[in-house]
Amino acid sequence: MSLSGKAAIVGIGATEFSKESGRSELQLSVEATRAALSDAGLAPADVDGLTTFTMDTSAEIALARELGLGDLRFFSRINYGGGAACATIQQAAMAVATGVADVVVAYR
């Protein structure tokens, strides 16, 4: 089964790049996710999946709570971080393509 044409990236969000932002990793995750949802024209209630890295200290349930997400149908963590960014996108695409979730946010 090919993932081609089964899922799409529809929004991107980021925070400023800095060493000392004065905000926690969770606060930065919330800010970037809100920006991505806004860019995509989606509401937090539309999200039913989350994927991130194992090195991220922002738990999926904490992010879901801060954003006011509904029930999560999918969540995953990819080992390591940075260089594994494509794997979070792959997990999100697989969740959407297989019908496990409708809207998945890949965050970090």
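At a 1.4 Å probe, what is the % contribution of carbon and sulfur to the accessible area of the chain?
Working: 3510 of 6420 Å².
On the chain, the fraction of accessible area on carbon and sulfur atoms equals 55 percent.
Using only Cα atoms, tell me the angle between helix 85-97 and the longest principal axis of the chain; keep it within 0 to 90° and round to the nearest 10.
Approximately 40 degrees, to the nearest ten.
Sort 6, 19 by heavy-atom solvent-accessible area, probe 1.4 angstrom, most to least.
On the way: 6 105, 19 195 Å².
Sorted by accessible area, descending: 19, 6.
Go through 61, 12 and list them by solvent-accessible area, largest first, probe radius 1.4 Å. Please report the intermediate quantities before stating the final value.
Values: 61 110, 12 130 Å².
Accessible-area ranking of 61, 12, largest first: 12, 61.
Assuming a ≥ b ≥ c are the square roots of the Cα gyration tensor eigenvalues, decide whether the stretch 19-108 counts as rounded (a/c under 1.5), prolate (otherwise, with a/b larger than b/c) or oblate.
Numbers: a/c = 1.72, a/b = 1.17, b/c = 1.47.
It is oblate, given that a/c is not under 1.5 and a/b is not larger than b/c.
Normalised by the number of residues in the stretch 42-108, what is the relative contact order in percent for Cα pairs under 8 Å and 6+ residues apart? Before the final figure, lay out each step's value.
Working: 109 pairs, mean separation 30.9, N = 67.
This gives 46 percent for the stretch 42-108.
Starting from the 7 Å offset along Cα-to-Cβ, what nm value, one decimal, do you get for the label separation of residue 34 and residue 16?
Distance between the two pseudo-spin positions: 1.6 nm.
How would you rank 95-104, 75-84, highest first, on the average number of other Cβ atoms within 10 Å across their residues? Can you show the working numbers first?
Working: 95-104: 18.0, 75-84: 13.9.
Going from most to least packed, we get 95-104, 75-84.
The values are calculated or read from the model by the stated rules, or taken from the named source; none is laboratory data. What you see is a predicted model; the values in this text were computed from it and never measured. Reconstructed Cβ throughout: ideal geometry from the backbone, glycine too, with neighbour counts over all protein chains shown. The area values use the complete protein model at the heavy-atom level, side chains included, leaving out ligands, DNA and RNA. Shrake-Rupley method; radii C 1.70, N 1.55, O 1.52, S 1.80 Å.
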